[in-house]
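To start, the structure under review is shown below, and the notes come after it.
The values are calculated or read from the model by the stated rules, or taken from the named source; none is laboratory data. Model, not experiment: these values are computed from the prediction. Cβ placement follows ideal geometry from the backbone for every residue including glycine, while neighbour counts extend to all protein chains displayed. Ligands, DNA and RNA are stripped out before the accessible areas are found, and what is left, the full protein with its side chains, is counted by its heavy atoms. Shrake-Rupley method; radii C 1.70, N 1.55, O 1.52, S 1.80 Å.
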Amino acid sequence: MRSQPGKAVSLDKLFRALADPTRLRLINLIADQEICVCYFTEVIDAPQPKISRHLAYLRRAGVVAAKRDGKWMHYRLTMPQNSHAASILKSTIAALKADKEMQRDRERLNRACCGPKSVVQLLGAPLPSNSSL
């Protein structure tokens with residue numbers, strides 16, 4: 001996770017971004033790696049427009065960055081420069097990692113990218129990576 005230069009994250013936007021279960025699930029999945037949007041739809045089992053709307057909300061809040069690679073959109077978490085906002089986000093991520101439901105999402109992500117009927121094999125999607133944007 002890198003800090004996002006030049007963009008201040010206001011605490012009210014951060015708290016609103018963290019106040020939705022779908023957005024928390026997305027943050028959980030990208031806490032440690034950059035992920036293609038196709039995995040979110042597979043793991044969360046929600047329509048792509050809903051996932052995109054929540055990712056856009058997280059981008060406006062300043063905690064998610066995106067890049068395009070051909071037809072694929074990749075998302076990663078960015079750490080706010082504001083130390084209080086960064087602390088809140090780090091604490092949230094720690095709590096998500098300890099949550100059983102969030103652990104199941106990470107297991108589903110692993111199956112979605114590496115299982116026998118994976119998104120990688122079916123759609124040619126890129127594997128999640130730890131690379132930076």
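A few points about this structure:
- Selection status of V9, crowded, with 21+ Cβ neighbours inside 10 Å and either without any contact (Cβ under 8 Å) to a residue 40 or more places away in the chain or of a type in the set (A, V, I, L, M, F, W, C) (or both): yes
- Check on R16, open to solvent by 20 Å² or more (accessible area, probe 1.4 Å) and in contact (Cβ under 8 Å) with a residue 60 or more places away in the chain: no
- Candidates in segment 56-97 are the residues that are in contact with a strand residue (DSSP E or B) (Cβ under 8 Å, 6 or more places away or on another chain) and aromatic (F, W, Y); of these, the one that is farthest from V9 (Cα to Cα) is W72.
- Filter result for G70 (surrounded by 20 or more Cβ atoms within 10 Å (Cβ to Cβ), at positive phi, out of contact with any Cys (no Cβ under 7 Å at 6 or more places or on another chain) and not hydrophobic (A, V, I, L, M, F, W, C)): no
- All conditions but one from (1) out of contact with any helix residue (DSSP H, G or I) (no Cβ under 6 Å at 6 or more places or on another chain); (2) at pLDDT below 95; (3) outside any loop (DSSP other than H, G, I, E, B) apply to L24; the one that does not is (2).
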